[in-house]
Amino acid sequence: MSTKTNKLVTLDEYIIQAQNRFPGATGELSQLLRDIGLAAKIISREVNKAGITNLLGVDGSTNFHGESVKKLDLFADQQLISALDRSLITCMVISEENDGIVRLNSQGGKYIVYLDPLDGSSNIDVNVSIGSIFSIYVREARFDPKLEESDALQPGIRQVAAGYVLYGSSTIMCYTTGIGVSAFTLDPSIGEFILSEDKFKIPDHGRIYSINEGSYNSWDLGLKNYIKYCQEEDDETGRPYSARYIGSMVADIHRTLVKGGIFIYPSSRRYPNGKLRLMYECNPLSFIIEQAGGIATDGSTRIMEIQPKAIHERTPIYVGSKQNVEKAMEYLEKYDEVSA
Ligand code: AHM
Ligand code: MG
């Protein structure tokens, strides 16, 4: 259940009110969140008119992961990075679209920001929801002039804020600074994000499972049996559960947050370490889900406690409502023992 609000509060007002609750706050994190909010509005505008302005489709190049780059991916990347560069409080950005770290003009800036500028980009051409994801850390060696990639290799529990923007039937920005989750819906008529949910809570149990079942044959036995469990009939737990899979992690996580259930991207033959990226997909969305009362694990370790070794590393993920994820873990453990 979430708390509905009646009073109209904009994202900027909300961020400033939240900052005022902490007398020592410098306002830098608030500024950073407002910068992301502004970039999100610009990206949302382009997403909505992409078909008209010919931003749909590939730009002809491939990014360093070997994936074809969509024009909107590049646009979103540029918008977010230049918004963060403008206010001179972020020293570096790590983005799915860039191989190494991106050093910004303020090398002494306090924050390190991870970005997936446009997640789910294979859905762009078919007019299905896509999203942007961000994850924010403080640079620990702040006064060391040498900015290194290793400065960014911090576990998810050190995130000071994280969130996503979902470009769906409406544009929603959802973020946490570690004291609950708030969501804002963009009102295009006034160009403002308006607070729509405060203290977002994920249901403890949901009746939806979300996974790409095309890889079924290469899953571990525990996962195969858990999915079979989801499909069995049982009135008490409301099974069979419904299967829903959009193929945009932001959209699948947003639905999971609202309706409950479980989202899984496991390891498979094609993706032995899972497909999704630890630092700019799994950590930020796990932070949101945990702050809403849910769980996120790689199958044995809490996602946010994984010590990263590389900025673009991947991880399997099981995330969502507490009861659903716990049940999935029971199956993984049970069949792990059997095969041991
Ligand atoms: P992307 O960042 O290149 O768009 O890839 C990530 C996306 C996620 O949004 C989504 O959960 C996943 O890839 C879907 O992958 P698949 O098509 O293998 O199910
Ligand atoms: Mg992505």
Quiz item: Out of Ile202, Ile227, which single residue is under 18 Å from Glu326 (Cβ atoms), among the β-branched types (Val, Ile, Thr) and not assigned by TED's automatic domain parsing to the domain that holds Glu326?
Solution: Ile202
Quiz prompt | Residues located in segment 291-302, provided they are open to solvent by less than 30 Å² (accessible area, probe 1.4 Å) and in contact (Cβ under 8 Å) with a residue 40 or more places away in the chain | solution = Ala292, Gly294
Exercise. Specify which of the listed residues (Glu305, Glu326) is within 21 Å of Val113 (Cα to Cα) and touching a residue at least 24 places away in the same chain (Cβ under 8 Å).
Key: Glu305
Exercise. Could you grab me the full set of residues in segment 134-165 that are within 17 Å of the chain's Cα centre (by Cα), buried (at least 19 other Cβ atoms within 10 Å of the Cβ) and not in a loop (DSSP other than H, G, I, E, B)?
Key: Phe134, Ser135, Ile136, Tyr137, Gly156, Ala161, Ala162, Gly163, Tyr164, Val165
Self-check item: segment 109-161: number of residues that are of a type in the set (A, V, I, L, M, F, W, C) and within 16 Å of ligand 1 (Cβ to nearest atom)
Solution: 8
Quiz item: Restricting attention to segment 173-185, which residues are within 19 Å of Leu32 (Cβ to Cβ) and either away from ligand 1 (no atom under 16 Å from the Cβ) or more than 19 Å from the chain's Cα centre (by Cα) (or both)?
Solution: Met173, Tyr175, Thr176, Thr177, Gly178, Ile179, Gly180, Val181, Ser182, Ala183, Phe184
Quiz prompt | Pairs where the first residue, in segment 268-287, is surrounded by fewer than 24 Cβ atoms within 10 Å (Cβ to Cβ) and the second is assigned to a helix (DSSP H, G or I), C-beta under 7 Å, 6+ apart | solution = Ser268/Ser215; Ser268/Ser218; Arg269/Ser218; Arg270/Ser215; Leu276/Met249; Leu276/Cys282
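Quick one: in segment 200-216, of everything that is surrounded by fewer than 16 Cβ atoms within 10 Å (Cβ to Cβ) and in contact (Cβ under 8 Å) with a residue 40 or more places away in the chain, which residue is nearest to ligand 1 (Cβ to nearest atom)? Working first, answer last.
Keep residues of segment 200-216 that are surrounded by fewer than 16 Cβ atoms within 10 Å (Cβ to Cβ), which gives 204, 212-214, 216.
Checking the rest, the ones that are also in contact (Cβ under 8 Å) with a residue 40 or more places away in the chain come to 204, 212.
Details: Asp204: 23, Asn212: 3 Å.
Result: Asn212.
Would you point out which residue out of Glu305, Glu281, Glu313, Glu290 is closer than 30 Å to Ser150 by Cα and within 13 Å of ligand 2 (Cβ to nearest atom)?
Working: Glu305 fails: within 13 Å of ligand 2 (Cβ to nearest atom); Glu313 fails: within 13 Å of ligand 2 (Cβ to nearest atom); Glu290 fails: within 13 Å of ligand 2 (Cβ to nearest atom).
Selected residue: Glu281, the only one of Glu305, Glu281, Glu313, Glu290 that is closer than 30 Å to Ser150 by Cα and within 13 Å of ligand 2 (Cβ to nearest atom).
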Quiz item: Quick one: would you say Ala39 is crowded, with 17+ Cβ neighbours inside 10 Å and modelled with pLDDT of 95 or more?
Solution: yes
Quiz prompt | One residue from Gly178, Gly131, Gly100, Gly168 being within 22 Å of Lys49 (Cβ to Cβ), among the small types (Gly, Ala, Ser) and open to solvent by 20 Å² or more (accessible area, probe 1.4 Å) | solution = Gly168
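The values are calculated or read from the model by the stated rules, or taken from the named source; none is laboratory data. Every value quoted in this text rests on a predicted model; they were computed, and no experiment measured them. With ideal geometry, Cβ positions are generated from the backbone for all residues, glycine too; neighbour counts draw on all protein chains shown. Areas reflect the complete protein model, heavy atoms only, side chains present, ligands, DNA and RNA absent. Shrake-Rupley method; radii C 1.70, N 1.55, O 1.52, S 1.80 Å.
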